[in-house]
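See structure below.
Just so you know, all these numbers are worked out from the coordinates, no wet-lab data involved. All of these numbers come straight from a predicted model, not from anything done at the bench. Cβ placement follows ideal geometry from the backbone for every residue including glycine, while neighbour counts extend to all protein chains displayed.
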Amino acid sequence: MSESVPGGAHTGGATLAAENAGRSGPGPFDPARLRDRFPIFRPEGPNAGLVYLDSAATAQRPDVVLDAINDFYRDDNANVHRGLYELSRRATERFEEARSTVARFIGARDTAEVVWTRGTTEGINLVAATWGAGNVGPGDEILLTMLDHHSNVVPWQLLARRVGARLRYVDIDESGRLRLDQLDAALKGPVKLVALNHVSNALGTINPVAEVVERARSAGARVLVDGAQGAPHLPVDVEALGCDFYALSAHKMGGPMGIGALWARRELLDAMPPYQGGGEMIDVVHPDESTWAELPHKFEAGTPNVGGAVGMAAAVDFVQSLTPAAVKEHESRLVAYGLERLGRVAGLRLFGPAEPEDRIAVFSFAMQGVHPHDVATILDAQGIAVRAGHHCTQPLMRRLGVPATTRASCWVYNTTDEIDRLVEGLEEAARVFG
Amino acid sequence: MIDRSTPALGDLFQDIILEHYRRPRNKGALQDATVNVHMNNPTCGDEVHLHLVVEEGVVRDVAFEGEGCSISQSSISMMTQMLKGQPVEEGLRLAERFKEMMHGDADAAKDKALRDARALAGVSKFPTRVKCALLGWDAFEEAVERQG
Ligand SMILES: Cc1ncc(COP(=O)(O)O)c(C=O)c1O
């Protein structure tokens, strides 16, 4: 992946990695020290002592991301691809460098295959509206999974209704892993697209995307990967995965809200009609017709979120500075610790894979006799932020037979101490309702 | 450290609330209902099916089925206790009173007409939970509207 990226864009990161290498201690980086890089946790601030366990909803941002956004607007701001003056040239350069950073991060061969979006949701809607409308027809099937987020379900429902296609779902097993044994049979139908998430936001399951892609390809189906939870936790290499579309959001990986990227194969992007019309995406406009700009601008109508793009690139640099191996080791430690500690809480039913290697540090659970909202309120009163609800996965909740779950989700700054705090908080909930 | 202005959990999860949650009153279907309303809270999944027998402007019988948190379900249970046998007009007045209490009105919180539901006064200090407590009352108001 990105470790082999040429061009030293990660100087800040190299410093941090060097610092970490020089430290003694249990791991390659110390999440407790890493927290100092996240202003929201600063001890003199309004959230001092907060145990933030809702990073699957949105992660917190490191100082380098906040600074990058601020610096852009303070020093380099102008509209992009428009002005002939130096400042506009510089803004455009920052914008396009950010695109290259994201492209390298996900292993894209060609920077023009990366389209800026508002986030994962918009990326998926873009594919449904453009590729979908041209390639999915009456009687065709779109294969989804029980683990999918509403943003990887509803756009396909809208498309299916519009063109007369059908949605089908790959089920999960009792531990929340995809039933790959159902895949081949499902692919015997007229499946045009398989859409699945890289990692489940509700259960933390890591899906075997490369294997799904291989089987889907031999059945002649395209594959879209919802990477919202993949990019923050796993090395992403779209070429190695072999998929056709990969959508991600900056805010799940320390970047700003309202920006994300869609990667798609060039030949697909070339054949797709534009998504929205406006400035930036055109070549020549006549009163009755227009021609389109080169990739990727064809899909980027209007003034883009340039500060967001710069912030997303800073988040990518930050994540890479931690080194993928260290992030993985940290995550594995949290997974193992969380499974063990939560597994011993009386009356707690933990969803998702029991095998640490099949999941990220997202813990979704139900407590006997205490509704998830009540759990969340009791935890909140102890300064612990978790999410309770359906996590935008209502079909999955129905499949699990629960109206909602409580979910604690971690990122690079979370510690095993915080999991201890969570467990104590849950014991308090059991006492209140006991 | 943690912001100690966070209101105490004791204000929220009072015994009487937990008691209604565990042993809800008037729970079940109602064969001869004259009006049925289903309501849910899409952000959290709390839900209620409210069944009413309304005759000559009086709530002769009331029952509910539902699923959700302690606040939503206990509030509905308490509401059914209050509504049974009351004129619809009085039910609507109680709904108003209850909402006032949810907005922090101290007088409403002392209104004996609200009976057990007074225990829910503390919910007003937890803004994210107010909508839980209101679910049943919203369903009642909708039922009255439908009944005409
Ligand atoms: C798996 C998954 N897919 C899609 C999304 C949607 O991402 P966004 O809201 O950033 O568009 C999310 C996050 O909410 C998610 O967790």
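May I ask you to derive the FRET efficiency for B:A8 and B:Q31 from their Cβ-Cβ distance with R0 = 35 Å, giving the value to the nearest 0.05?
Step by step, r from the Cβ atoms, then E = 0.20.
Label point 7 Å out from A:E294 along Cα-to-Cβ: which residues of the range A:250-278 have amide N under 20 Å?
Hits in the range A:250-278 for A:E294 at 20 Å: A:262-275, A:278.
For the range A:257-386, what does the alpha-carbon gyration tensor say about shape, rounded, prolate or oblate, given a ≥ b ≥ c as the root eigenvalues, a/c under 1.5 as rounded, and a/b over b/c as prolate?
It is prolate, given that a/c is not under 1.5 and a/b is the larger ratio.
For B:K125, give me every one of the lysines with a C-alpha distance below 20 angstrom, ignoring sequence neighbours fewer than eight places off in its own chain.
Those lysines meeting the cut-off are B:K99, B:K110.
Find the all-direction average of the projected area of the Cα convex hull for chain A, expressing the result in square nanometres with one decimal place.
Orientation-averaged projected area of the Cα hull: 22.1 nm².
Based on the Kirkwood radius over alpha-carbon pairs, what value in µm²/s does the Stokes-Einstein equation return for the translational diffusion coefficient of the range A:201-272 at 10 °C and 1.306 mPa s?
Here the translational diffusion coefficient equals 121 µm²/s.
What per residue convex hull volume, in Å³, do the alpha-carbon atoms of the range B:25-147 yield?
87
Could you run the Debye sum over the Cα atoms of the range A:151-306, one equal point scatterer each and no solvent, and tell me log10 of I(q)/I(0) at q = 0.14 Å⁻¹, two decimals?
-0.82
On a full-extension model of 0.36 nm per residue, what is the gain between A:R344 and A:R399, subtracting their alpha-carbon distance, rounded to one decimal in nm?
Stretched fully, the A:R344-A:R399 segment lengthens by 17.3 nm.
Over the range A:86-319, what is the relative contact order in percent, taking alpha-carbon pairs closer than 8 angstrom and at least six residues apart?
About 25 percent, as a whole number.
Taking amide H atoms as placed 1.01 Å from N in the peptide plane, list the residues 5 or more away in sequence, or in a different chain, whose amide H sits under 5 Å from that of A:A301.
A:Q276
With n ≥ 4 as the cut-off for DSSP H runs, can you work out [θ] at 222 nm for chain A, using -39500 (n - 2.57) per run divided by the number of residues, rounded to the nearest 500?
-11000 deg cm²/dmol
Can you list the GluC sites (Glu not before Pro) in the range A:258-349 that are in a DSSP coil and have 10 or fewer other beta carbons within 10 angstrom?
Sites meeting the loop and neighbour criteria: A:E289, A:E294.
For the range A:366-382, in order, what is each residue's ³J(HN,Hα) by Karplus, 6.51 cos²θ - 1.76 cosθ + 1.60 with θ = phi - 60°, in whole Hz (x at glycine and Pro)?
Values per residue, Gly and Pro as x: 10, 10, 3, x, 10, 5, x, 5, 5, 4, 5, 5, 5, 5, 4, 5, 9 Hz.
Place a +1 charge on the Cβ of each Lys and Arg in the protein assembly as shown and a -1 charge on the Cβ of each Asp and Glu, then give the dipole magnitude about the Cα centre in debye, rounded to the nearest 20.
660
Whole Å is fine, so just give me how far the alpha carbon centre of the range B:14-41 lies from that of the range A:270-299.
With the range B:14-41 and the range A:270-299 each reduced to a Cα centre, they are spaced 57 Å.
Counting other Cβ atoms within 10 Å, which trypsin sites (Lys or Arg not before Pro) in the range B:1-83 have at most 10 and lie in a DSSP loop?
B:R4
The range A:324-433: Rg/Rh from Cα coordinates, Kirkwood Rh?
For the range A:324-433, the value is 0.95.
For the range A:293-403, what is the relative contact order in percent, using Cα pairs closer than 8 Å and at least 6 residues apart in sequence?
For the range A:293-403, the relative contact order is 14 percent.
Using Cα-Cα distances under 8 Å and only pairs 6 or more residues apart, what relative contact order does chain B have, in percent?
Relative contact order comes out at 26 percent.
Give a residue-ordered list of calculated ³J(HN,Hα) values for the range A:353-362 (Karplus: 6.51 cos²θ - 1.76 cosθ + 1.60, θ = phi - 60°; whole Hz; x for Gly, Pro).
Residue by residue, the range A:353-362 yields x, 7, 7, x, 6, 8, 8, 9, 7, 10 Hz.
Provide the FRET efficiency to the nearest 0.05 for the A:A133-A:T303 pair, computing r from the beta carbons and using R0 = 30 Å.
0.70
So what is the diffusion coefficient of the range A:84-206 in µm² per second by Stokes-Einstein at 37 °C and 0.692 mPa s, using a Kirkwood Rh over Cα pairs?
Here the translational diffusion coefficient equals 198 µm²/s.
List the lysines whose alpha-carbon lies under 18 Å from that of B:K27, not counting same-chain residues fewer than 8 positions away?
B:K84
Please list, in order along the range A:220-228, the HN-Hα scalar couplings obtained from phi with the Karplus expression 6.51 cos²θ - 1.76 cosθ + 1.60 (θ = phi - 60°), rounded to whole Hz, x for Gly and Pro.
Values, residue by residue: x, 9, 7, 10, 10, 10, 7, x, 3 Hz.
Going by amide H atoms built from the backbone, whose H comes under 5 Å of the H on A:V194, apart from near neighbours?
For A:V194, whose amide H was placed from the backbone, the distant partners under 5 Å are A:L143, A:R222, A:V223, A:L224.
Check cross-link reach from A:K328 to the lysines: straight Cα distance under 19 Å, and skip same-chain residues fewer than eight apart.
A:K252
Can you list the residues, at least 5 places off or on another chain, whose amide H is less than 5 Å from the amide H of B:V59, using H built in the peptide plane?
Those qualifying (amide H under 5 Å, at least 5 residues apart or on another chain) are B:G85, B:Q86, B:V88.
Could you tell me which trypsin sites (Lys or Arg not before Pro) in the range A:71-153 are loop residues by DSSP with no more than 12 other beta carbons within 10 angstrom of their beta carbon?
Those satisfying the criteria are A:R109.
Using only helices, what value at 222 nm comes out for chain B when you add -39,500 (n - 2.57) per DSSP H run of length 4 or more and divide by the total residues, to the nearest 500 deg cm²/dmol?
-12500 deg cm²/dmol
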